[in-house]
Structure formats: C-alpha cells, structure tokens
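Participant: Shown below is the structure under consideration.
The values are calculated or read from the model by the stated rules, or taken from the named source; none is laboratory data. What you are looking at is a predicted structure, and each value in this text was computed from that prediction instead of being measured. Ideal geometry is used to build each Cβ from the backbone, glycine not excepted, and the neighbour counts take in all protein chains shown. With ligands, DNA and RNA removed, areas are computed over all heavy atoms of the protein, side chains included. Shrake-Rupley method; radii C 1.70, N 1.55, O 1.52, S 1.80 Å.
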Amino acid sequence: MAIPMKLKQFLKEKKYYLLIVLAVVLLAALVTYIGVRLDRGPGGSILPFDTASQYPMDVAFVNVGQGDGIVIRCEDAAIVIDGGEQTAAAAMKECLKNENITDVDCYIATHPHSDHIGAIPAVMKAVNVKTFMMTEFSELNMPTTRNFEQMVDAVEDEGCEVLFVRGGEEYTFGKMKLQILAPLEETNNYNNMSIVVRLVYGEISFLLTGDAEKDVEAQILAGGADVDADVIKLGHHGSSNASSRPFIEAVSPLIAVISCGADNDYGHPHKETLELMKELSVRVLRTDTDGTVHVYSDGKNVFTKELVG
Ligand SMILES: [Zn+2]
C-alpha cells in the first residue's frame, strides 16, 4: 500500500508535477504499445518498397477492374489466381510478361464466376501451366455457364495436371507452401465454394480468400485452422457479406488488399468493411484507386511502395 499512501501525500503537498510525470510515462507506454501493434506481425513489419527486383517474392494484385487476378512470383516458382473478366486478359498477360513468367507452377480458379475465371482461357494460352487447381462440383451444382465451359476446354487443351482441392489440404510449389482452408462443404452459393488459400513463404503469409463470405469464414474458424496472415486479400471485393470482425481479428493482418473496379455496380468496397479495417489499424490497398498493388517479401517482412510518402 506504499504507493497510494505516497500518492496521497503528493496530492496533499500539491506536488502535481509528479502526476504530470506519471501521465507522461503512461502516455509513452501507450505510444510504444501502439507502435508495437502497428509493427508487429507473425513474420515482421511493413517496410517501404525500394527496388522491385531486390525482393525474391512479388505478389501482384492486378488491376483487372471488377474482379480478381493475382500473379505471384517467388524465387523460381509462380502461382496465378483467377484473372478477372475476359476483358482483363490483357492486364493479366502484361503483368506475367513484366514478371518474366512463362511457366506457371499452379493456376488456381477460386470459383466459377466470370469476374474470376473469364480471362483464364486467354491467360493460359500465354503461359505453360503445370497444375490447375479448382473446386470439384457434383451434378447438383455443376456450373453451366459459357465461361466455365471455356475454362474447362482451356484446361483440357493445356493438358496439365488438374487438382480438385478441399479445405485441409497442403501443397508446396518451390519455396511456397499452399494451405487450402476452404471449400469445406458443398453449396449452390459459388462464392462460398471459393478456394481459400493461406500462402506461406518463410515467416510471411498471405490469406487469399476469393469471394468467400462470412459463413465460410466462420466454418474456417470453427475448424481451428491457422488463419494468421500479414496480408489478406479481403473476400468478395470488400463486400460487407465477407470480412467478419472475428475472422479479421483472427487473421490480424498488417495489410488488406481489396480487388474491385472503380465505380462498380455493387458499391464495393462497402463502408462497413473499410470502417472495420480502420478500427483494427489495418492498412488498406485497393486496385480501383491504387492500380495494380504489389506486395514484395524477403520471407521476413513485407514491402510495398504505396507506403512511401
Ligand atoms: Zn467476384
């Protein structure tokens, strides 16, 4: 009880300046805590981008308009996820060319909506694909769209290995580990059939969620999978039907990337999503306002030029 007694005495003697010192110490502790919160991360911190070529990993969230298209180069391996609508093929191919990617170790089609798979046939013609990953559908929910049929034809033409994946599986491509977190169950809601992957390189991880909505996020959390990631591509273009608070808190990302088109018809990203990111001190990068977003890594930290200035 010595401290309260002393405090009482200080107050009595009007030694308020000591209280000011105490307040300054508490404020310094708070600032340090916030600094650690912003800088922390499972693998490290966000640092300003320097020269792209110096980093062994480049994850490019391509500006495909309203849709998703991700090109990942890591040492001598490459993964591509989706590609946007048919009209986005040129942007995808340009990114692959800039990254000097001619061989794709794994091409993932998250789910059969045109804003994800539309460009895949054209993109596949420009590169050699070794493995193609997709969700298996039954007769009950087999897609019948032209886009889906064209994608299946393109995969057959490529003659590559096809993997029908489910949550709980794990694959390795070069130095990248690919942990499949979803789909976990069959549904007619194709968004919720999205392949959700946690991509791990060294101490850094990326959570790439396709258009998976809150139901899937809850299923993943209930299954006890490790969702922790430095960078998350928010589900369903930043829609409020994805990115639940418990899920984002469990992921605890430093950076959230939103892939959406400028002035899109859906109002993506929704303000609830942006507010949650702000509240959780997650830095948001958007393809509609930032253009193609590059996040680089050396396996210990993440780097992005959008942080400069
Ligand atoms: Zn979509």
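Participant: Read through the list (1) closer than 18 Å to T292 by Cα; (2) touching a strand residue (DSSP E or B) at 6+ places or on another chain (Cβ under 7 Å); (3) without any contact (Cβ under 8 Å) to a residue 60 or more places away in the chain, then give the number of the only condition that V227 fails.
Facilitator: So V227 meets the others, but not (1).
Participant: Do you know which residues across the stretch 103-158 are crowded, with 22+ Cβ neighbours inside 10 Å, aliphatic (A, V, I, L, M) and either modelled with pLDDT under 95 or within 16 Å of the ligand (Cβ to nearest atom) (or both)?
Facilitator: I108, A109, I117, A119, I120, M134, M151
Participant: Out of everything in the stretch 199-249 that is part of a strand (DSSP E or B) and open to solvent by 10 Å² or more (accessible area, probe 1.4 Å), what residue ends up being nearest to D115 (Cα to Cα)?
Facilitator: Going through the stretch 199-249, the residues part of a strand (DSSP E or B) turn out to be 199-201, 204-208, 231-233.
If we keep only those that are open to solvent by 10 Å² or more (accessible area, probe 1.4 Å) too, we end up with 200-201.
Working: V200: 26, Y201: 27 Å.
Within the stretch 199-249, the match that is nearest to D115 (Cα to Cα) is V200.
Participant: Given (1) under 21 Å from I255 (Cα atoms); (2) touching a residue at least 24 places away in the same chain (Cβ under 8 Å); (3) not small (G, A, S), identify the lone condition not met by V155.
Facilitator: (1)
Participant: Under the condition of being in a loop (DSSP other than H, G, I, E, B) and β-branched (V, I, T), which residue from the stretch 159-193 is least open to solvent (accessible area, probe 1.4 Å)?
Facilitator: Pass one, the stretch 159-193, residues in a loop (DSSP other than H, G, I, E, B): 159-160, 165-169, 174-175, 183-189.
Those left that are additionally β-branched (V, I, T): 165, 187.
Working: V165: 2, T187: 40 Å².
The residue in question is V165.
Participant: Another question, if that's okay. Among the strands (runs of 3 or more DSSP E) lying completely within the stretch 52-153, list those that include at least 1 residues that are among the aromatic types (F, W, Y).
Facilitator: Working: elements: 57-61, 69-74, 77-82, 103-108, 128-134.
Because the criterion is at least 1 residues that are among the aromatic types (F, W, Y), the strands (runs of 3 or more DSSP E) in the stretch 52-153 that meet it are 57-61, 103-108, 128-134.
Participant: Taking into account only those residues within the stretch 250-266 that are more than 18 Å from S194 (Cα to Cα) and within 14 Å of the ligand (Cβ to nearest atom), which is least open to solvent (accessible area, probe 1.4 Å)?
Facilitator: By that ranking, first place goes to G261.
Participant: Residues that are within 12 Å of the ligand (Cβ to nearest atom) and among the hydrophobic types (A, V, I, L, M, F, W, C): does the stretch 202-212 have at least one?
Facilitator: yes
Rundown of residues vs (1) outside any helix (DSSP H, G or I); (2) farther than 30 Å from T51 by Cβ; (3) touching a residue at least 60 places away in the same chain (Cβ under 8 Å), yes/no style:
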position	(1), (2), (3)
Y266	yes, yes, yes
L274	no, yes, no
M277	no, no, no
S281	yes, no, yes
V284	yes, no, no
T289	no, no, no
Y296	yes, no, yes
K300	yes, no, yes
F303	yes, no, yes
